[in-house]
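The values are calculated or read from the model by the stated rules, or taken from the named source; none is laboratory data. Predicted model, so just to flag it, every value in this text is computed and none were measured. Cβ sites come from the backbone with ideal geometry, for glycine too, and all protein chains shown count toward neighbours. We work out accessible area using only protein heavy atoms, side chains counted, and drop any ligands, DNA or RNA first. Shrake-Rupley method; radii C 1.70, N 1.55, O 1.52, S 1.80 Å.
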Amino acid sequence: QVQLVESGGGLVQAGGSLRLSCTASGRTLSNYAMGWFRQAPGKEREFVAAIIWRGSSTYYQDSVKGRFTISRDNAKNTVSLQMNSLKPEDTSVYYCAAAAGGNWPRTLRWNYWGQGTQVTVSS
């Protein structure tokens, strides 16, 4: 089992930045692909970004490319999402997830989820 806890959400003005962090316990993250998803009120959960099991390959939703950066520190069992140039449409609850299998990057099987952290971007 992997337990994931997100932190770093908050309220920010459009154009600002936030850094989300996800800390894992239970198992080492180096065996999992890690990702971030988000869900806005009344909408389905959507993929934001992912980073491969080992190494540095990353994959992003088109709307966040060039603005968001996902990174991981396997030694600290953490994964982060640096969000720059935030827009009101980025307002959502952001979830950290871990994938133990599947094919990189489009058909990963997301096995574990955090509880989410709220990000609100004001215009």
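What whole-number value in Å² describes the accessible area per residue of the chain for a 1.4 Å probe?
On the way: 6250 Å² over 123 residues.
Result: 51 Å² of accessible area for each residue.
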Original post:
Going highest first, how would you order 99-106, 46-53 by mean Cβ packing within 10 Å?
Top reply: 46-53, 99-106
Original post:
Which three lengths, in whole Å and largest first, does the chain cover when its Cα atoms are put on their principal axes?
Top reply: 39, 26, 25
Original post:
How about K65: which lysines have a C-alpha closer than 16 Å to its C-alpha, ignoring those fewer than 8 places off in the same chain?
Top reply: K87
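Give me the percent of the accessible area of the chain that comes from carbon and sulfur atoms, probe 1.4 Å, all protein chains in place. Mind showing how you got there, number by number?
Working: 2850 of 6250 Å².
Carbon with sulfur: 46 percent of the solvent-accessible area.
Could you give the length gained by full extension between R106 and R54, i.e. 0.36 nm per residue of separation minus their alpha carbon distance, to one decimal place?
Here the segment from R106 to R54 would lengthen by 17.1 nm.
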Subject >> Given charges at Cβ of Lys, Arg, Asp, Glu: the chain dipole, positive-most of S122, N111, M83 >> reply: N111
Subject >> Positive minus negative residues near G15 (Lys, Arg vs Asp, Glu; Cβ under 15 Å) >> reply: 0
Original post:
Rounded to the nearest 10 Å², what accessible area does L4 show when all protein chains are kept and the probe is 1.4 Å?
Top reply: 10
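Give me the percent of Cα-Cα pairs in the stretch 66-123 that sit more than 17 Å apart, rounded to a whole number. Don't skip to the end; give the middle numbers.
On the way: 881 of 1653 pairs.
Considering the stretch 66-123, 53 percent of its Cα-Cα pairs are separated by more than 17 Å.
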**OP:** Give the cross-link partners of K43 among the aspartates and glutamates, using a straight C-alpha distance below 18 Å as the criterion and excluding same-chain residues fewer than 8 apart.
**Re:** D62, E89, D90
